[in-house]
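The values are calculated or read from the model by the stated rules, or taken from the named source; none is laboratory data. Keep in mind it's a predicted model, so treat the numbers as computed, not measured. All Cβ positions, glycine included, derive from the backbone under ideal geometry; neighbour counts span all protein chains shown. For accessibility, only protein heavy atoms count, side chains too; no ligands or nucleic acids. Shrake-Rupley method; radii C 1.70, N 1.55, O 1.52, S 1.80 Å.
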Amino acid sequence: MAPAQPRTAESFTYPQSYSFPPFFTLQPNLQTRLSQLRKWSRLIQRYCRHRHVFKLSLVAALDTPLFKNAELRKRLSVNDALQVVDWMTRDEGGRRAEWIDGGVEAKGGTTWVYWKRPEEWAEVIVGWVEDTGQKNTVLTLYELMNGEMTVGQGIVPREKRSKSNAHGMLDFHGMDAELFHRSLAVLVKRGKAQVFGSEDQQGVKFF
Amino acid sequence: MSARRGVGLSAFQNRSSLSTSYATHGASLRSTHLSSLQTQLSVFQSLLHNFALQHADTIKSNPSFRAEFARMCNAIGVDPLAGSNVKGKGAGKGAIGSLWAKVLGGDVNDFYFELAVRVVEVCRGSRGGNGGLLGVEECKEQVKKGRGIGGGMDVSDDDILRAVKSLNPLGSGFSIVTVGSKQMIRSIPKELNTDQSRVLEAIQVLGYVTASMLEDNLGWEHARAETVIEDLLADSLVWVDLQAPEKEYWSPTSMNDFED
């Protein structure tokens with residue numbers, strides 16, 4: 001999967017550890033490794049967030065700057081990358097990733113990278129609905145994800161920002177459709193939204 | 001003449017009275033010196049108090065000014081840190097100390113204690129990745145950035161050293177160790193042995209080391225080099241890079257992104 005173009009003009013700043021050669025070798029010492037896994041997890045989440053990427057195919061990503069520091073000529077090996085992501089999927093890793101289709105065993109290992117988990121996305125959506133007074137209005141999924149009203153990052157005035165959207169950015173514009181559905185499902189489950197309609201013409205109403 | 005020659009019996013008496021008068025004269029000289037020195041010192045200290053009072057704001061905000069000030073205090077035996085809790089313990093330092101805290105409203109003390117808390121936070125945050133050995137320099141940078149409550153603090157190396165020192169009474173195991181040319185904060189109480197220190201020094205100079213580099217430069221046998229490296233790895237003090245022709249060992253002190 002080719003990573004999408006960065007949405008913002010500002011370039012991604014890598015953490016210092018990215019210039020530290022041993023960072024690209026999983027450390028044998030368990031304590032050191034734990035700290036390393038945390039650093040990798042943060043880097044992956046930040047990187048994906050910056051590029052507005054929701055899914056990562058590991059095999060493809062191994063050749064991107066995320067896992068490969070061309071300057072140092074270091075790269076995280078397939079196995080190590082798998083271990084990092086696998087750690088992210090577990091509780092100790094904060095469940096910041098989730099394998100898609102069979103996970104580690106499946107070739108290519110595609111994974112969700114949850115820089116926001118579906119529950120967190122649900123909060124962002126609810127926040128936006130409240131901030132813009134769209135409660136009890138029927139909206140189509142298409143306009144929510146791709147429509148103009150969620151474009152421009154909908155900078156919400158500071159005092160109106162909900163906690164989960166403290167930066168005031170509506171990152172869900174242009175979001176992965178499946179993840180968007182999942183996030184809505186969280187709200188449906190809580191009785192805060194209702195989704196209806198057929199495949200292409202789905203609508204949603206927020207309560 | 002005869003008296004000076006002192007050959008008679010009375011000479012004994014003369015001699016002893018002479019030495020007593022020398023002794024009393026010496027004692028009186030000493031005591032005048034002492035009292036004049038004490039006056040000088042107390043004058044100086046009171047001037048210092050006034051100075052501190054006048055420049056309290058600068059002391060708090062300007063790190064290099066603060067360092068010079070602290071140095072001056074040390075030189076005349078006033079420790080800005082000590083004595084805030086020692087209330088009039090003897091007429092000497094204790095009294096000065098408590099007065100000190102009174103004059104400054106405990107500000108200087110608070111400053112260092114607050115800083116110490118930050119230092120502890122930074123050390124803890126990075127402990128997993130660096131085995132509890134953090135450069136004073138790096139710690140300073142991190143405190144300046146100040147992710148914690150209240151934003152960053154503008155501090156000098158000297159301030160960090162003092163703050164770590166102020167933790168001593170807590171028996172917290174925080175200490176300053178010197179590795180090569182660098183001062184580092186040790187937040188996990190464990191001694192480095194000579195070999196370990198030498199390897200860390202070598203890493204400071206060369207950037208990284210390999211077993212054979214240690215053998216060549218320090219004249220160690222292979223087994224010795226391997227053992228020391230294993231120990232350092234086990235303590236999280238070095239990280240290994242397996243993607244090099246020979247295993248390279250790096251010190252994580254050069255890598256300082258902290259987990260929030």
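Numbers for the structure displayed
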{"item": "Cross-link pairs beyond the 27 Å C-alpha cut-off, checked among A:Lys55/B:Lys247; A:Lys135/A:Lys189; A:Lys68/B:Lys190; A:Lys74/A:Lys116; A:Lys68/A:Lys116; A:Lys68/B:Lys144", "result": "A:Lys55/B:Lys247; A:Lys68/B:Lys190; A:Lys74/A:Lys116; A:Lys68/B:Lys144"}
{"item": "Mean projected area in nm² (Cα convex hull; one quarter of hull surface) for segment A:17-114", "result": "5.8"}
{"item": "Peptide ranges A:58-64, A:22-28 listed from the most packed, as the mean C-beta count within 10 angstrom indicates", "result": "A:22-28, A:58-64"}
{"item": "Buried area at the A-B interface (accessible, heavy atoms, 1.4 Å probe, summed, Å²)", "result": "2000"}
{"item": "Relative packing of B:188-201, B:238-251, which averages over residues the other C-beta atoms within 10 Å, highest first", "result": "B:238-251, B:188-201"}
{"item": "Cα-derived Rg over Rh, computed across segment B:174-260 with Rh taken as Kirkwood radius", "result": "0.96"}
{"item": "Spin-label pair B:Gln54/B:Ser181, simplified geometry with 7 Å Cα→Cβ offset, distance in nm", "result": "3.9"}
{"item": "Cβ-derived FRET efficiency at R0 56 Å, B:Glu226 paired with B:Leu41, nearest 0.05", "result": "0.45"}
{"item": "Sequence-distant aspartates and glutamates (8 or more away, or on other chains) whose Cα lies within less than 20 Å of B:Lys182", "result": "B:Glu137, B:Glu138, B:Glu141, B:Asp157, B:Asp158, B:Asp159, B:Glu191, B:Asp195, B:Glu201, B:Asp235, B:Asp257"}
{"item": "Exercise: per-residue mean of other protein chain Cβ atoms within 10 Å, A:23-33", "result": "6"}
{"item": "Exercise: per-residue mean of other protein chain Cβ atoms within 10 Å, B:165-176", "result": "0"}
{"item": "Cβ neighbours within 10 Å from other chains - mean over A:67-77", "result": "1"}
